[in-house]
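Q: I have a structure I would like to understand better, so I am pasting it below and will then ask my questions one at a time.
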Amino acid sequence: MRFKRLAYGVAALCVAVASLAGTAQAEDKKPYVIYLSNNFVGNDWRQQMQRVAEVSVSKGPLAGRVDLRIENVENAVQTQINSLNNIIRQKPDAILVDAASDSALNPTLKKACDQGIVVISFDQVVTEPCAYAVASDWNRIPEVMAEWMAVQLGGKGNVIIDRGLAGAPISAQLQGGYEKVLANYPDIKIVGEYNGDYALGPEQSGVAALLAANPQVDGILTQGYGSGAIQALKDAGRPIVPVVGFSYNVAALTCAETKDAKCILGSNPAYLSSEAIKLAVEILDTGKRPEEREISVKGDFVTTHPFESKLYPGTKMITIAIGENAFPDQPPGLTLPITPDWVDISAEEAAGTK
Amino acid sequence: MTMAETGDAPRKGLRNGLLDNAPFLVACAMLTLIVVIYGTRQTGVFTLDELNLNTTAAMTLMLAATGQTIVLLRGGINLSIGGMISLGTVIVATRFGDSAGSVILWSGLVLLLGIAVGVANGLLISIFRLQPFLVTLATWSILNGVAMIILPSDGGRVPGWWLGFGYLQFLGLSSTVWMLIALLIFWAWFMAARPGITIKATGSNEKSAFLSGVSILRVNALTYGLSGFFAAAAALYLTTQTGAGSPTIGRDYILPSVAAAVIGGTSLFGGRGHLAGTIIGAYILTLIGNLVFILRVSSYWQPVASGVILLIAVLASAIAEKAARKQAA
């Protein structure tokens, strides 16, 4: 009896010591050195991406776990290759890369993989098989939004579509996604197309021209802000019809503040960088690698009128609420939603206004 | 206006020689300074491995800048280098098969295309007496467009063995260092031979070269043809680094190729400069990136530092030319 108790005691002690040692080890472990190689900073998204990367290693579950070093290079393949070579010589634990080219960095990234460095491309991903690719699901985004439009129109009406930027692969993909879904609704007619160039001005003038040419327009599918389209509707004295766009702060605010506006805004969240960091830490912690090379991040849609997608069941919708998920005191170019659910990043932190 | 004086500099003493080479010497001093600073921060800087690594990183720029230096010596400029590099990489990435035969065939064709486009540039410039800047701006645009038509966005593939080229070693030196040595030997021979002398003389003073019986047409065809050849070679080499074609990648080499030459002491007005300086210029531009990285300052300091170095080089060049003019007067 006594012996048994002693044995239990010893066992319990062992477990306690082991678990203590375990936590001690986790806390003592040197932070992982992770480089973020970014090829372009000329827009709001990239800057927000970098800020949220930094914030997400300064608090929450990753606090103190990562020594994050960001290397920006001019938008040139050779400079990024040279920079990556420098990074590889530092023998970091992981390299995250927003790539200048989907293929031209491959040999360099392969070299990093061969040295045991975890390589994760995100946003502008690469085709190198040894590197993970963390990106938004660019099939889901346009298809869900076109489905929403069809639901708003009751499957009937005239719409105009944004072709995006001529020659850009992403533009063709978005337009194709819209058209693919709308083709299922024989009573929805595409009566015009324009190039929005992902800027407010071209969107507004493109929509205005098509409104002038078409007396009946029941919906607008932009690839940009959506707020330019709403402004064009107002200027033309037309009813505010349902609008599809992307989740910039200004778009959400315009939708919320415009009477009768119906909007859905797709999101390519700037916290892709945070997700890439989290993935790197998980791989480094567990040694286990995800089976799929391509990992899609599903940013929630931001909308005035949530709906249940039948094409992508379970798709999450956030209803626009000023102050909560749209921010009048923050820059118009801020991308929503701000934070992934495993860490709490504020709008001020993401915008760099704090 | 200063071409005649600098080109026909009379008997030189040591002082003159120093002055004449001032831009080159300044470039050497700047490179030394960069290497020394780099050496205190990074281990193993003074090893063959480091030389191999940096030569491999700088080789595309070196080849492009070689093509630029030849044209600058002639008193021209070649913007179409950018278009040729883009077009070369997309041809490689879309046409190379896995067999050595197909690689050799298409490499040869890319080099021939480079020469052909270059010669066309030279002929257009001479026959219609056009500005090299404008002619090569136009051909750059054409080549760029054709590259876009062949391959609208980055991609394509090359055989796996093609990728290892820059890291092959022989006697401890990488293939790129050997290429560099071959390039310098070629240059020394070429500039001492008749065509090289003619190019330089025409760059110094076109009129007197013409009067002494030089065919400007032939000089231009030769100069721009060679320039196109080196641009095509840069494209081939670049694909060993990237393993892909890119219809836009060439523009990243246009201005740096001019900058490397100017930093190394080549005059934009023709007649003065040599390849050794250009190579040093290319090393400087590449090492600046390493230095900025190792000092852990923001990477935006790289273009700032490159700009400052370019200014120093231009100042050294201006001082040298002024002194030479004084001497001549």
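The values are calculated or read from the model by the stated rules, or taken from the named source; none is laboratory data. All figures in this text were calculated on a predicted structure; none of them were measured in a lab. With ideal geometry, Cβ positions are generated from the backbone for all residues, glycine too; neighbour counts draw on all protein chains shown.
Q: Could you run through the range B:289-329 and say how many residues are in contact with a Pro (Cβ under 9 Å, 6 or more places away or on another chain) and under 28 Å from A:F40 (Cα atoms)?
A: Looking only at that region, the number is 1.
Q: Of the residues that sit in the range A:122-163 and are in contact with a Ser or Thr (Cβ under 6 Å, 6 or more places away or on another chain) and within 14 Å of another protein chain (Cβ to nearest Cβ), which one is surrounded by the most Cβ atoms within 10 Å (Cβ to Cβ)?
A: A:A131
Q: What number of residues within the range B:30-69 satisfy the criterion of being free of Cβ contacts under 8 Å to residues at least 60 places away in the same chain, away from chain A (no Cβ under 12 Å) and not polar (S, T, N, Q)?
A: Selection size over the range B:30-69: 4.
Q: Another question, if that's okay. With the structure loaded, tell me whether A:D197 is surrounded by fewer than 21 Cβ atoms within 10 Å (Cβ to Cβ), in contact with a Leu (Cβ under 9 Å, 6 or more places away or on another chain), over 29 Å from A:A321 (Cα atoms) and of a type in the set (D, E, K, R) or whether it fails that test. Walk me through how you get there before you give the answer.
A: Values: surrounded by fewer than 21 Cβ atoms within 10 Å (Cβ to Cβ): yes; in contact with a Leu (Cβ under 9 Å, 6 or more places away or on another chain): yes; over 29 Å from A:A321 (Cα atoms): no; of a type in the set (D, E, K, R): yes.
So A:D197 does not fit the description; no.
Q: Right, next: Condition first: hydroxyl-bearing (S, T, Y), within 10 Å of the chain's Cα centre (by Cα) and away from chain A (no Cβ under 11 Å). Now tell me which residues in the range B:247-288 satisfy that.
A: To start, the set of residues in the range B:247-288 that are hydroxyl-bearing (S, T, Y) comprises B:248, B:253, B:257, B:266-267, B:278, B:283, B:286.
Next, from what is left, pick out any that are within 10 Å of the chain's Cα centre (by Cα): B:253, B:257, B:278.
The answer is B:S257, B:T278.
Q: Take the range A:271-304 and flag every residue that is crowded, with 21+ Cβ neighbours inside 10 Å and of a type in the set (S, T, N, Q).
A: Of everything in the range A:271-304, those that are crowded, with 21+ Cβ neighbours inside 10 Å and of a type in the set (S, T, N, Q) turn out to be A:S273, A:S274, A:T303.
Q: Give the residues of the range B:51-86 that are more than 27 Å from B:A201 (Cα to Cα) and touching a Pro at 6+ places or on another chain (Cβ under 8 Å), sorted by residue number.
A: B:S86
Q: Quick check on my filter: what residues within the range A:109-153 are in a loop (DSSP other than H, G, I, E, B), polar (S, T, N, Q) and touching a residue at least 40 places away in the same chain (Cβ under 8 Å)?
A: In the first step, residues of the range A:109-153 are kept if they are in a loop (DSSP other than H, G, I, E, B); the result is A:115-117, A:123-131, A:137-139, A:153.
So of that shortlist, the ones also polar (S, T, N, Q) come out as A:115, A:124, A:127, A:139.
Listed by number, the list holds a single entry, A:Q124.
Q: Being surrounded by fewer than 24 Cβ atoms within 10 Å (Cβ to Cβ) and either under 19 Å from the mean Cα position of the chain (by Cα) or touching a residue at least 40 places away in the same chain (Cβ under 8 Å) (or both) is the filter here, so list the residues in the range A:99-108 that pass it.
A: A:D102
Q: I've got another one for you. Does B:T94 fit the bill of being within 14 Å of chain A (Cβ to nearest Cβ), in contact with a strand residue (DSSP E or B) (Cβ under 7 Å, 6 or more places away or on another chain) and surrounded by fewer than 17 Cβ atoms within 10 Å (Cβ to Cβ)? Walk me through how you get there before you give the answer.
A: Values: within 14 Å of chain A (Cβ to nearest Cβ): yes; in contact with a strand residue (DSSP E or B) (Cβ under 7 Å, 6 or more places away or on another chain): yes; surrounded by fewer than 17 Cβ atoms within 10 Å (Cβ to Cβ): yes.
Criteria met by B:T94.
Q: Any idea which of A:F327, A:F307 is of a type outside the set (G, A, S), more than 22 Å from A:A270 (Cα to Cα) and surrounded by 11 or more Cβ atoms within 10 Å (Cβ to Cβ)?
A: On the way: A:F327 fails: more than 22 Å from A:A270 (Cα to Cα).
Answer to the selection: A:F307.
Q: Please state which one of A:V250, A:V244 is at pLDDT below 95, surrounded by 18 or more Cβ atoms within 10 Å (Cβ to Cβ) and within 26 Å of A:N43 (Cβ to Cβ). Lay out the reasoning, then the answer.
A: On the way: A:V244 fails: at pLDDT below 95.
Only one candidate qualifies: A:V250.
Q: Something else now. Being closer than 20 Å to B:G271 by Cβ, in contact (Cβ under 8 Å) with a residue 24 or more places away in the chain and of a type outside the set (A, V, I, L, M, F, W, C): is that true of B:G75 here? Spell out how you get there, then give the answer.
A: Working: closer than 20 Å to B:G271 by Cβ: yes; in contact (Cβ under 8 Å) with a residue 24 or more places away in the chain: yes; of a type outside the set (A, V, I, L, M, F, W, C): yes.
Judged against the criteria, B:G75 is a match.
Q: Okay, next question. Taking the residues in the range A:71-91 that are more than 9 Å from chain B (Cβ to nearest Cβ) and within 25 Å of the chain's Cα centre (by Cα) as candidates, determine which candidate is surrounded by the most Cβ atoms within 10 Å (Cβ to Cβ).
A: Across the range A:71-91, the extreme among qualifying residues is A:Q80.
Q: Related question: Out of B:L291, B:L211, B:L222, B:L226, report the one residue that is more than 14 Å from chain A (Cβ to nearest Cβ), touching a residue at least 60 places away in the same chain (Cβ under 8 Å) and surrounded by fewer than 24 Cβ atoms within 10 Å (Cβ to Cβ). Spell out how you get there, then give the answer.
A: Values: B:L291 fails: more than 14 Å from chain A (Cβ to nearest Cβ); B:L211 fails: touching a residue at least 60 places away in the same chain (Cβ under 8 Å); B:L226 fails: surrounded by fewer than 24 Cβ atoms within 10 Å (Cβ to Cβ).
Result: B:L222 is the single residue among B:L291, B:L211, B:L222, B:L226 that is more than 14 Å from chain A (Cβ to nearest Cβ), touching a residue at least 60 places away in the same chain (Cβ under 8 Å) and surrounded by fewer than 24 Cβ atoms within 10 Å (Cβ to Cβ).
Q: Are any of the residues in the range A:55-67 within 14 Å of chain B (Cβ to nearest Cβ) and surrounded by fewer than 23 Cβ atoms within 10 Å (Cβ to Cβ)?
A: yes
Q: Then there's this: What number of residues within the range B:198-220 are assigned to a loop (DSSP other than H, G, I, E, B) and among the hydroxyl-bearing types (S, T, Y)? Working first, answer last.
A: Of the residues in the range B:198-220, the ones assigned to a loop (DSSP other than H, G, I, E, B) are B:205, B:212-215.
Subsequent filtering for residues that are among the hydroxyl-bearing types (S, T, Y) retains B:212, B:215.
Going through the range B:198-220 one residue at a time, the tally reaches 2.
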